[in-house]
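The block underneath contains the structure these notes are about, expressed in structure tokens.
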Amino acid sequence: MLGLAASRKIAWSLTAKPDEELIAEVLGGDSAAFNELSSRHRPRVERLCQRFFSDPEIARDLAQEGFIRAYTALRTYRAEMPFGGWLRSIVINLCYDELRRRKRRPEELVGDFGAPEVQWMHLVNEASPENIVGDAEERQEAHDLAHRLLDTLRPEDRMVMVLKESEEMSVAEIASILGWSEAKVKIRAFRARQALRKQAERMLAVGRRR
Amino acid sequence: MNCFEARQEFPALWRKTATPERSAEVYSHLKGCAKCDHAFRVFALSAPVLHSAVEPERNAAEFRRRVAYRAQRGLSVTRPAREPRRLLAMCAGMMVLFAASTAAYLSVAAPIGSYTDEITNSDSGYEFPVDTAPTSNDFAG
Ligand SMILES: [Zn+2]
């Protein structure tokens, strides 16, 4: 009983430690402290990777690779920036490299959708907004279609779209992480929105026809 | 609530982080505004990836099986856009084959771009906005 309480207390004290303290422990030779750091940041990092890659294995591998790189580069980390932000910039660049490696040009949206996907497109056309929001979470096909839609974007457009919309990063932050000019970020964001809207309109038209 | 305010709330609506009162206001606006209603439906197609907090648990093996199945049936999720070089070769071939017979036709017919051309070049000539604020603004109907 006492052991359990003690272990809970230890667990609590570990989770309560700020990132900077854990980093100091890792740099001091306690590599186990990095496990705590990674489990703390893993959900956010994995979700970020999932926004770029629908294949769960690729997303997991990239998240893993991000933590490995962060571990090996930990001595270069400077505390002026939160650890989460530093880690995120590593993962973003990994995802960008992987997107470019896999797909050098945008992909066409092929009009041959499966039955569940057509059902979802039909629902998005016909259902009330409340029902659309309520249904989307549990429907795998809603996520599959969204990935198909985003797959039509150029890698750099998809980067900007995800970083602005999902991560809510500013133009300046995106420019700094990717090493681009702010003008380039704005242009890519504008083009990404236009292209995405066009493809979405096309999907809605498919849903209306069936 | 005006159209701009309603569209600003789309991400919060999707993430279910908007207050019940705010959500009700947005839903009520959507009921009475066809343009915003359409903009919401456009938004909803990419929102599961861009705005959902989680993705349904995917089994990697199951995912690969489905991708393989689609590929077998020719139902690829997406396929690479035609390479520019292949496109050029096709154009050159067509020109050689039909040069004589189409010369007259081409001189009067309006050029028709491919779908890929349309999505990649649609913005040319457009003046870029100074601020590239959230997408929901741009999902205008
Ligand atoms: Zn409106």
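Annotations for the structure displayed:
- Rg over Rh, two decimals, chain A (C-alpha only, Kirkwood Rh): 1.06
- Computed with a 1.4 Å probe on the full set of protein chains, the accessible area for A:ARG154 sits at about 90 Å².
- In this label model, B:GLU57 and A:ASP30 are separated by 3.2 nm, measuring between points 7 Å along each Cα→Cβ vector.
- Mean separation of Cα contacts under 8 Å (6+ apart) over length of the stretch A:108-210, as relative contact order %: 40 percent
- Note on chain A: with a GNM built from Cα contacts shorter than 10 Å, the maximum mean-square fluctuation among A:SER54, A:SER181, A:SER128 falls on A:SER128.
- Other protein chain C-beta atoms within 10 Å of residue C-beta, averaged over B:16-24: 1.
- Spatially near lysine pairs across chain A, Cα under 30 Å, sequence gap of 8 or more or different chains: 10
- Placing a label point 7 Å from the Cα of B:GLU5 along the Cα-to-Cβ direction, none of the residues of the stretch A:117-161 has a backbone N under 11 Å of that point.
- In terms of packing, defined here as the mean over residues of other Cβ atoms within 10 angstrom, the peptides B:40-46, A:26-32 line up highest first as B:40-46, A:26-32.
- In summary, the stretch B:3-50 shows an alpha-carbon radius of gyration equal to 1.04 times the 2.2 N^0.38 Å reference for compact globular proteins.
- Peptide A:193-204 shows a mean partner chain C-beta count of 6 within 10 Å per residue C-beta.
- Each residue of the stretch A:170-176 was assigned a 3J(HN,Hα) from its phi angle through the Karplus curve 6.51 cos²θ - 1.76 cosθ + 1.60 (θ = phi - 60°); the sequence is 7, 4, 5, 5, 4, 4, 5 Hz, with glycine and proline shown as x.
- Label positions at A:HIS122 and B:ALA12, each projected 7 Å from the Cα along the C-beta direction, are separated by 3.5 nm.
- Rg over Rh, two decimals, the stretch A:1-103 (C-alpha only, Kirkwood Rh): 1.05
- Inter-label distance for A:ARG40 and A:ASN131, nm, one decimal - labels placed 7 Å from Cα along Cα-to-Cβ: 4.5 nm
- Mean projected area of the convex hull spanned by the Cα atoms of the stretch A:128-210, taken over all viewing directions: 6.2 nm².
- Efficiency of FRET from Cβ geometry, A:GLU168 and B:ASP37, R₀ 30 Å, rounded to 0.05: 0.75
- Largest-first principal axis extents, alpha carbons of the stretch A:84-172, Å: 41, 28, 20
- Solvent accessible area, Å² - B:LYS16, 1.4 Å probe, full protein context: 120 Å²
- Within the listed set A:ALA73, A:ALA33, A:ALA63, the Gaussian network model of chain A (springs between alpha-carbon atoms below 10 Å) gives the highest mean-square fluctuation for A:ALA73.
- Measuring r between the beta carbons of B:SER28 and A:GLU21 and using R0 = 56 Å, the FRET efficiency lands at 0.70.
- Local electrostatic count at A:ASP19 - Lys and Arg +1, Asp and Glu -1, tallied over other residues with Cβ under 11 Å: -2
- Whole-Hz couplings from phi, Karplus 6.51/-1.76/1.60, listed for the stretch A:61-68; x for Gly and Pro: 4, 5, 4, 4, 4, x, 5, 5
The values are calculated or read from the model by the stated rules, or taken from the named source; none is laboratory data. Nothing here was measured: the structure is a model prediction, and the numbers come from that model. Neighbour counts are summed over all protein chains in view; Cβ atoms, including those assigned to glycine, are modelled from backbone coordinates with ideal geometry. Remember, those area values only see protein heavy atoms, side chains included, never the ligands or the DNA or RNA. Shrake-Rupley method; radii C 1.70, N 1.55, O 1.52, S 1.80 Å.
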